[in-house]
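The values are calculated or read from the model by the stated rules, or taken from the named source; none is laboratory data. None of these values were measured; they are calculated from a predicted model. Glycine also receives a Cβ, built like all others from the backbone with ideal geometry; neighbour counts cover every protein chain displayed.
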Amino acid sequence: MSESAYAEAYQRSTEDPDAFWGEAATAVEWTTPPERVLDDSRPPFYRWFTGGRLNTCHNALDRHVASGRGEQPAVFYDSPVTGTRRTLTYAGLLDEVRRFAGALSSLGVEKGDRVVIYMPMVPEAVVAMLACARIGAVHSVVFGGFAPAELAVRIEDARPVVVVTASCGIEPARVVEYKPLLDGALDRSSHKPETVVVLQREQARAAVGQRDTDWEELDWAELVADAEPADCVDVEATDPLYILYTSGTTGRPKGIVRDNGGHAVALRWSMANIFDIGPGDVWFTASDVGWVVGHSYIVYAPLLTGATTVLYEGKPVGTPDAGAFWRVIEDYGAKAMFTAPTAYRAIRREDPEGDLIRAHDLSSLRAVFLAGERLDPDTYAWAAQRLGVPVIDNWWQTETGWPIAANLRGLEPMPVKPGSPSVPVPGYAVEVLDEQGSPVPAGTEGAICIRLPLPPGTLPTLWGDDERYVASYLSAFEGYYLSGDGGLLDDDGYLFVMGRTDDVLNVAGHRLSTGSIEAALAGHEAVAECAVIGVADELKGQVPRALVVVKSGVDAQADGERIRAELVQRVREEVGPVAALKEVDIVPGLPKTRSGKILRRTMREIADGRTPAVPSTIEDPAVLEALAPVLRHEA
Ligand code: COA
Ligand code: AMP
């Protein structure tokens, strides 16, 4: 592999990052070019492109209009749940963004101010994000499937001046009214915004401005009708573009910060070199703007590239059938698509033979990219065989914003090894370490780490919390970023990711915290203590399972069914329906170490039918023995 384009790029990116990323940065338009590429003056806090100034919205929209792409579609909005389609050209999208940016300015939003966006998959969500970028405001998009309590902690931490929402989102089985959820969150939050802007959707209009609140409530359409268009505000490369909260093991989410300069450079580089997408190509990412995949690969990367992005408001199945993705690819001539493996498992369950794949013309499709959770070899084989195009696994995290490991379709396609997201991407010095922090030999499992500095576009810190950034990611092994995933590198340098080594859950590609689910359960009056573990699930990869000890005096025999149902409902209300908690067991005790740490991992291994690693520090092995049949569904 030594002569390969990949090997050459990888080596240069690690040995001479200044030259490598300095060159990549020429693909972005700067108002002031960077003074330094890698600023390593304050380790472990590395910054990219210091001294550089730019505007991300200019790079995503204005520059393409100026270069003659004004009439090219920027966004194909396709919404089977409302029966709507809309094409937004680059010029049209720019016009809407300029007006909404002006509207935000008129509400007092200034550079550096935060704006929380709680919206479904509608074009206005993209407009709101880009409008923030345009005036240097920092957006924080919250996924619509989160409940008020989760929204509230994000609002409290980000302290937005404005919250932008829609009257409703549409799930296949029901209309989800967002406004009452937002009101619930604002009731809980000690921070209140100055203004709430509501996009009215016909499926369920919201009452706006009719109650006595501390904040002003405005209708999106009325606000925009009076708005003066706004121009781009210059920001530092290192100024934040957005905060995206992600789940850790505790109930308090982590505010991942993304800067402007490194992000624009890295995403453009990734589109060309990993995804092989260029200006004018049509690209379809089926995820949600509330997740990092949506931020990077529905919104920013395709627009920074001058490509056309499909914004799909629907599901892989049921809207109306398991052929929905293939219909979208055919209708818009998508060159590639990106989604989570779960979506393909859902499709496969309904259309195992791929009849609906054959019913569509997929001649435009060159590759399929899957990420967000482990791509199991079975799903890989099914997709590769039925679709007849390369199926490319790629591994990354909210923290990094773009792939850490992938098969680089643009730079140099490589053979695929099922079960592996292929090789470390240039910029990421991936190493697998043992418990002492020494690199392990090829083929040996350990903690997947990245030698610092991380490349451009990755998190420079956590919002307002440098200390937590260091404690969470940089303190396990000095000089390394701890990914939280375990795995191995094989003899050919291919990475195999085995799963989280902490208690973070991954349910249908959605990252969830055991801590917040446990906190919701613990709030029930009958619960003495509880633990949540993520167990293997055929469709969703992982689902949560709750083990609950009830308080003395509670009659688990008589009241068990009611308590279990109430607990499931509490988690829906406190965390959100995406937590998908269905299984709650009332048990006599939870296994712990002598210092009181609950043995979640051991329980998870038993539930998944694996041989458990029982630590020698276990307090009372009898508790675990008694629980094992419950975990294995034998009792
Ligand atoms: N707003 C409100 N509720 C939402 C929501 C949103 N944006 N997204 C999901 N929900 C709700 C669903 O309606 C469902 O509620 P229910 O329990 O009342 O049925 C619950 O959250 C769980 O949703 P979901 O995870 O979508 O599970 P599902 O069983 O309805 O569908 C799949 C399974 C595989 C079809 C679905 O998970 C999917 O489309 N996955 C794609 C993966 C993906 O986009 N991952 C993002 C990271 S790349
Ligand atoms: P998120 O931050 O929501 O993108 O979730 C990141 C986590 O999802 C990672 O730490 C992994 O545990 C998991 N993950 C994402 N992509 C992959 C992949 N391709 N293979 C295995 N695990 C993945």
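Just a few scattered comments:
- Number of the condition not met by Pro453 [criteria: (1) modelled with pLDDT under 95; (2) at negative phi]: (1)
- Search result, residues across region 24-75 that are closer than 27 Å to Ser472 by Cβ, within 29 Å of the chain's Cα centre (by Cα) and not aliphatic (A, V, I, L, M): Asp39, Asp40, Arg42, Pro43, Pro44, Phe45, Tyr46, Arg47, Trp48, Phe49, Thr50, Thr56
- Once region 387-415 is narrowed to residues that are within 23 Å of Ala359 (Cβ to Cβ) and of a type outside the set (A, V, I, L, M), the residue that is nearest to ligand 2 (Cβ to nearest atom) is Pro390.
- Residue within region 564-577 that is touching a residue at least 60 places away in the same chain (Cβ under 8 Å) and touching a Lys or Arg at 6+ places or on another chain (Cβ under 7 Å) present: no
- Count of region 277-316 residues, restricted to those that are within 13 Å of the chain's Cα centre (by Cα) and polar (S, T, N, Q), is 3.
- Residue in region 543-558 that is out of contact with any Gly (no Cβ under 8 Å at 6 or more places or on another chain) and either closer than 26 Å to Ala476 by Cα or within 16 Å of ligand 2 (Cβ to nearest atom) (or both) present: no
- Yes/no for Gly596 being more than 15 Å from ligand 1 (Cβ to nearest atom) and modelled with pLDDT under 95: yes
- Residue count for region 513-542 satisfying the condition of being in a strand (DSSP E or B) and either within 16 Å of ligand 2 (Cβ to nearest atom) or among the β-branched types (Val, Ile, Thr) (or both): 10.
- When Gly443, Gly457 are checked against the criterion of being part of a loop (DSSP other than H, G, I, E, B) and either in contact with a Gly (Cβ under 9 Å, 6 or more places away or on another chain) or farther than 23 Å from Asp502 by Cα (or both), a single residue qualifies: Gly457.
- Failed criterion for Ala384 (all others in (1) within 16 Å of ligand 2 (Cβ to nearest atom); (2) closer than 22 Å to Leu505 by Cβ hold): (2)
- For region 229-246, the tally of residues that are assigned to a loop (DSSP other than H, G, I, E, B) and surrounded by 24 or more Cβ atoms within 10 Å (Cβ to Cβ) stands at 1.
- Residue in region 551-565 that is over 21 Å from Thr602 (Cα atoms) and of a type in the set (Val, Ile, Thr) present: yes
- Pairs with Cβ under 7 Å, 6+ apart, first in region 469-494 and farther than 16 Å from Glu399 by Cα, second within 16 Å of ligand 1 (Cβ to nearest atom) and aliphatic (A, V, I, L, M): Gly487/Val497
- Hey, Thr249 within 16 Å of ligand 2 (Cβ to nearest atom) and surrounded by fewer than 23 Cβ atoms within 10 Å (Cβ to Cβ) or not: yes
- Residue in region 429-437 that is in the same structural domain as Ser475 (by TED's automatic domain parsing), assigned to a loop (DSSP other than H, G, I, E, B) and in contact with a helix residue (DSSP H, G or I) (Cβ under 7 Å, 6 or more places away or on another chain) present: no
- Residues of region 189-228 that are basic (Lys, Arg) and either touching a helix residue (DSSP H, G or I) at 6+ places or on another chain (Cβ under 7 Å) or surrounded by 13 or more Cβ atoms within 10 Å (Cβ to Cβ) (or both): Lys192, Arg201, Arg205.
- Identity of the residue in region 531-550, surrounded by fewer than 24 Cβ atoms within 10 Å (Cβ to Cβ) and of a type outside the set (D, E, K, R), that ends up nearest to ligand 1 (Cβ to nearest atom): Leu539
- Residue list for region 495-512, filter: assigned to a strand (DSSP E or B) and either among the hydrophobic types (A, V, I, L, M, F, W, C) or over 19 Å from Trp396 (Cβ atoms) (or both): Leu495, Phe496, Val497, Met498, Val504, Leu505, Val507, Leu512
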